[in-house]
Amino acid sequence: MIKRLFCTASPSMAVLSILFYLLVTSSLVAATFKPVPVSSLTVPLIAASNHPNLHQSKDSLDKEVIVLSNQVAYNLYGHKSAMIKHQQILAERLTFEILDAATSKPVFSGKLAKAEKVKEWDAANWYSPADFSAFQKPGTFKIQLIVNGENYQSYPFKIEDQALGKIGIPAMVNFFNHQRANSKQELEADQHIRLFGSDQTVDLRGGWCDASGDISKYFSHLAYTNYMLPQQIPMVDWSMINTVERVPVLLDAVKIKEALVDEALYGADYIMRSLSPDGYFYMTVFSYFDKDPNARRIVGLLADSKTTSDYQCAYREGGGMAIASLARISKWKKHGTFSSEQYLAAAERAFAHLQKFSTQYADDGKDNIIDDYCALMGATELWIATGKTVYREEARKRAGNLNKRLSADGYFVANDNGRPFWHAADAGLPVIALARYLDAEKDADRRKMALLTIKTALDYNLKVTRNVTNPFGYARQNFLYQGKVKEGFFIPHENESGWWWQGEDARLGSLAAAALVGGRLVYPEKKPLGVKKELAAYASNQVSWILGNNPYNMCMMYGYGKNNVPYMSSMYGHGSGKGGISNGITGRDGNADGSGIDFKVEDHGNEWRWSEQWIPHTSWFLQAITAMSDNRVQK
């Protein structure tokens, strides 16, 4: 993603952005764009424009009463909620109706919940939840509200058994296929790509372009921050493997299993090529936003597009998840370009190497919570694949580390100095890693400790989300801001990166997945989604927010719903892909602590913070929808 590559606050970049903005807007009505690094001297390489397949309604936010909903689909069973956004207080317990979208006939009615304001976001508007969980009829529907004789309706949405999985999983598989770095230019350049600062070349063909505006390829980035690193290509691959194994019946029913298996093997093959002869993984293939594909290099990446030869992955820099993906897919006994035996052998070789050198590759030379949960994933998958004691012991050690990192308030701490663990993408990954560990762990005492860790983390997530008025049930978090622990809806814009912040749809997907996967272990109930209702509502709220039930009436899954973000194009035919998830909503631009709320479709080149698709968003949404579709769930 462009978002991590340069500081948009720099004066030279601001000038370039403004000049280019004036150039583009003078010739392309309603076009938006993103600035590129000054060093590339190639503008415009990345631009957003109106796309013929774009779904957008320009009058969606200019009414006194707006009926917000998930614009795509709700599962037949379980939590279903919409929201009424209104400028004036409505009559108490006002009735809303569900209409058949084809006939406009009412099929269900309910009462609005108490109207509330989120003053931190917007003091002008009230929000009244409309819960229709009791409505369990398949079809296509709208929500209707009559206020002072005027009729207000939501956009249409579908209700069906496992509707989210049936619609969402094929959409996301197709998106990742669209993201393949398989243009002629990329394949030719990456077959003999140079290591930064060297004449040595390696074959790194394959993988997925990172975002709709960035054709580079990452195992991880933001390594220099030490605590903000997201998991990228290896996590995408692990998510696909997980979906294949968790919901095979659904995948067969929608005829997408073969395509998803092929995509996961394709990802594993790229991870294989990324394993160096020395045993470490190469972290980044960077394009420099240069039209010349031969400018691409294998690099370590700092802020402001500064590149280095520090391209060796530590556990937290993609190495742990790469091991996990190769080990897990090896059990399929299926071959891509490489064989299942080669997948497993590579995972074992990389694990042995990182046990010796991971802390040397880490920017600060020591482990933190990201190393713990990434190494836990790698060790666990190797333990499951081989049964070897060495992997069992490492998994147990890392699971114990996560338990020790719990604060008295229930949130995880990232280091030994009490910094809260907050993450714009992978906030739910500690719980997911522990849940996967429990698929292998049989020792009663160790299971008890891991289950307690999961329970404490989930209890905290529910508590911090409820600590303030929060009608949407948006997942909140603790973070460190100017030396003090605070809590809020969105990540602070002032953080270790110096400038990086964006919409957090990956974080929401990860927490939804954690609530369900972890919740089935510590709060199992024979109810829809297999967990207690509070966790089911928490997970469902995050998914519906992404799909349109948010204050901006914006569906973040491109090509679905009614309102989508603007299309973004990129080099070699890449750009926004149908089924991909955009960054999403943030704290208000200019608020260093992340307070307030913002979503901009145009911002003089900075609209990527909200509009750009990024593969971790879609990867985590895949995990959330997979958890909602799990065939082990009790209705």
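The values are calculated or read from the model by the stated rules, or taken from the named source; none is laboratory data. All of these numbers come straight from a predicted model, not from anything done at the bench. Neighbour counts run over all protein chains shown; Cβ positions are idealised from the backbone, glycine included. With ligands, DNA and RNA removed, areas are computed over all heavy atoms of the protein, side chains included. Shrake-Rupley method; radii C 1.70, N 1.55, O 1.52, S 1.80 Å.
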Looking only at the stretch 442-456, decide whether some residue is open to solvent by 10 Å² or more (accessible area, probe 1.4 Å), touching a helix residue (DSSP H, G or I) at 6+ places or on another chain (Cβ under 6 Å), part of a helix (DSSP H, G or I) and over 29 Å from Ala347 (Cα atoms). yes
Looking only at residues that are touching a Gly at 6+ places or on another chain (Cβ under 8 Å) and more than 24 Å from Ser497 (Cα to Cα) in the stretch 578-598, which one is surrounded by the fewest Cβ atoms within 10 Å (Cβ to Cβ)? Lys578
List every residue pair whose Cβ atoms lie under 7 Å apart, where the two residues are 6 or more positions apart in sequence or sit on different chains, the first residue falls within the stretch 280-306 and is free of Cβ contacts under 8 Å to residues at least 24 places away in the same chain, and the second residue, located anywhere, is assigned to a loop (DSSP other than H, G, I, E, B) and surrounded by fewer than 24 Cβ atoms within 10 Å (Cβ to Cβ). Ala295/Tyr288
In the stretch 599-635, what count of residues is obtained for those that are open to solvent by less than 20 Å² (accessible area, probe 1.4 Å) and at negative phi? 24
Asn177: assigned to a strand (DSSP E or B), farther than 16 Å from Tyr560 by Cα and open to solvent by 50 Å² or more (accessible area, probe 1.4 Å), yes or no? no
So how many residues does the stretch 595-619 have that are in a helix (DSSP H, G or I) and out of contact with any strand residue (DSSP E or B) (no Cβ under 8 Å at 6 or more places or on another chain)? 2
Leu462 - would you say it is within 30 Å of Ser69 (Cβ to Cβ), touching an Asp or Glu at 6+ places or on another chain (Cβ under 9 Å) and outside any loop (DSSP other than H, G, I, E, B)? yes
Can you find a residue in the stretch 427-435 that is in contact (Cβ under 8 Å) with a residue 40 or more places away in the chain and open to solvent by 40 Å² or more (accessible area, probe 1.4 Å)? no
Listed residues Thr243, Thr201; which is at pLDDT 95 or above, hydroxyl-bearing (Ser, Thr, Tyr) and open to solvent by 10 Å² or more (accessible area, probe 1.4 Å)? Thr201
Among the residues listed as Gln71, Gln144, Gln136, the single one being surrounded by 16 or more Cβ atoms within 10 Å (Cβ to Cβ) and under 26 Å from the mean Cα position of the chain (by Cα): Gln71
Do the conditions hold for Gly548, that is, is it closer than 29 Å to Ser128 by Cβ and touching a Leu at 6+ places or on another chain (Cβ under 8 Å)? yes
Take the residues of the stretch 155-172 that are open to solvent by less than 30 Å² (accessible area, probe 1.4 Å) and not aliphatic (A, V, I, L, M): which is farthest from Ala91 (Cα to Cα)? Pro170
Count of residues meeting criterion [part of a helix (DSSP H, G or I) and free of Cβ contacts under 8 Å to residues at least 24 places away in the same chain] in the stretch 361-393: 3
Checked the stretch 306-352 for anything basic (Lys, Arg), open to solvent by 10 Å² or more (accessible area, probe 1.4 Å) and not in a loop (DSSP other than H, G, I, E, B); matches are Arg349
Within the stretch 124-146, the count of residues that are outside any strand (DSSP E or B) and not aromatic (Phe, Trp, Tyr) comes to 7
Matching residues in the stretch 518-544 - criterion: being assigned to a helix (DSSP H, G or I), in contact with an Asp or Glu (Cβ under 9 Å, 6 or more places away or on another chain) and open to solvent by 40 Å² or more (accessible area, probe 1.4 Å): Arg520, Lys533
Could you say which residue among Ala101, Ala82, Ala91 is more than 21 Å from Ala537 (Cβ to Cβ), open to solvent by less than 40 Å² (accessible area, probe 1.4 Å) and not polar (S, T, N, Q)? Ala101
State the number of residues belonging to the stretch 356-395 that are closer than 19 Å to Pro230 by Cα and hydroxyl-bearing (Ser, Thr, Tyr). 4
Log entry, pairs with first residue in the stretch 538-552 being at positive phi, second being crowded, with 24+ Cβ neighbours inside 10 Å and modelled with pLDDT under 95, beta carbons closer than 9 Å, six or more apart or on different chains, reads none
Among what's in the stretch 107-118 and is surrounded by fewer than 13 Cβ atoms within 10 Å (Cβ to Cβ) and not hydroxyl-bearing (Ser, Thr, Tyr), pick the residue that is farthest from Ser133 (Cα to Cα). Lys114
Yes/no for Glu496 being surrounded by fewer than 22 Cβ atoms within 10 Å (Cβ to Cβ), more than 22 Å from Phe412 (Cα to Cα) and touching a helix residue (DSSP H, G or I) at 6+ places or on another chain (Cβ under 9 Å): no
State the number of residues belonging to the stretch 403-426 that are surrounded by 23 or more Cβ atoms within 10 Å (Cβ to Cβ) and either of a type in the set (Ser, Thr, Tyr) or touching an Asp or Glu at 6+ places or on another chain (Cβ under 6 Å) (or both). 2
Any residue that is closer than 26 Å to Met556 by Cα and of a type outside the set (Lys, Arg) - is there at least one of those in the stretch 189-204? no
Any chance you could count how many residues in the stretch 385-397 are open to solvent by less than 50 Å² (accessible area, probe 1.4 Å) and under 18 Å from Ser330 (Cα atoms)? 3
Pick out the one residue from Gly530, Gly518, Gly561, Gly509 that is touching a Gly at 6+ places or on another chain (Cβ under 6 Å), at pLDDT 95 or above and not polar (S, T, N, Q). Gly561
Go through (1) under 25 Å from the mean Cα position of the chain (by Cα); (2) surrounded by fewer than 20 Cβ atoms within 10 Å (Cβ to Cβ); (3) among the hydroxyl-bearing types (Ser, Thr, Tyr) one by one and return the number of the condition Tyr152 breaks. (1)
Being aliphatic (A, V, I, L, M), open to solvent by 20 Å² or more (accessible area, probe 1.4 Å) and either within 20 Å of the chain's Cα centre (by Cα) or within 25 Å of Ser570 (Cβ to Cβ) (or both), is that true of even one residue in the stretch 270-291? no
